[in-house]
Amino acid sequence: MDEQNQQQKFTEGKKLVNQALMDTQIDDKVQQMINVPQKDDQGMDEADNKFINAVMLLIRNQTINLYIPETLLNKPVYEKLDLKAKGIADLNAVTLLGDLRQIKKLFEQGFGDTYQIKNLIHHVRVTKERLEAQCGDIYII
């Protein structure tokens, strides 16, 4: 069998398997279990906990608007940056706000003690620290 026939048979088989999986119904209890983030009994480390509490306060008092990236920027520092650093700050502000929206949503849904939120918080804090080591104190968080 030549390579083209093998590829065609593989593609056809893959389509059949994918369709069979799509046609299979998942039990509602299983689906609910899958949709709930897994709880982390160890909780957050102190640095992440302090960080997220400070960030959530800034969100609650509307200092940070989760849909306006410039609210995340430390304006006096940002204004002194060159164009490349401003671009880095702007691009990452959008990404950080996306993560912060996810964190806020998880908190509001009662999933403040899950691996998912713990990893998101750690990711935001480490990303912020890495960027600020490169560009200065560019974010208010």
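Quick look at the numbers
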{"quantity": "Likely footprinting exposure, Val94, Val77, fewest C-beta neighbours within 10 Å first", "calculated": "Val94, Val77"}
{"quantity": "Degrees separating the helix 83-108 axis from the principal Cα axis of the chain, which is the longest one", "calculated": "70 degrees"}
{"quantity": "Sorted by Cβ density within 10 Å, fewest first, the residues Phe107, Phe10", "calculated": "Phe10, Phe107"}
{"quantity": "Cβ-placed point charges (K, R +1; D, E -1), dipole of the chain about Cα centre in debye, nearest 20", "calculated": "360 debye"}
{"quantity": "Relative contact order of the chain, defined on C-alpha pairs under 8 angstrom at six or more residues apart (%)", "calculated": "33 percent"}
{"quantity": "Selection of trypsin sites (Lys or Arg not before Pro), the range 36-101, meeting DSSP coil and at most 15 other Cβ within 10 Å", "calculated": "Lys80"}
{"quantity": "Correct choice for P(r) over Cα pairs in 5 Å bins from 0, in percent that was computed from the model, options (1) 2, 8, 13, 12, 10, 10, 10, 10, 10, 9, 6, 2, 1; (2) 2, 9, 14, 15, 12, 9, 8, 7, 8, 8, 5, 2, 1, 0; (3) 2, 9, 18, 22, 19, 15, 9, 4, 2, 1, 0", "calculated": "(2)"}
{"quantity": "Helix 115-135 axis, angle to the chain major axis (alpha carbon atoms, nearest 10°)", "calculated": "50 degrees"}
{"quantity": "Estimated distance in nm for a label pair at Glu3 and Leu83, the labels positioned 7 Å out from Cα along Cα-to-Cβ", "calculated": "4.5 nm"}
{"quantity": "Amide H partners (placed H, <5 Å) of Tyr139, local residues excluded", "calculated": "Asn74"}
{"quantity": "Alpha carbon centroid spacing (whole Å) that separates the range 66-134 from the range 28-60", "calculated": "16 Å"}
{"quantity": "Lysines whose Cα lies under 30 Å from that of Lys14, excluding same-chain neighbours fewer than 8 positions away", "calculated": "Lys29"}
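Every read-out reported here was derived from the displayed coordinates using simple, explicitly stated rules and does not represent laboratory data. In this text, all values refer to a predicted model and were calculated from it rather than measured experimentally. Positions of Cβ are generated from backbone atoms using ideal geometry, with glycine treated the same way; all protein chains shown enter the neighbour counts.
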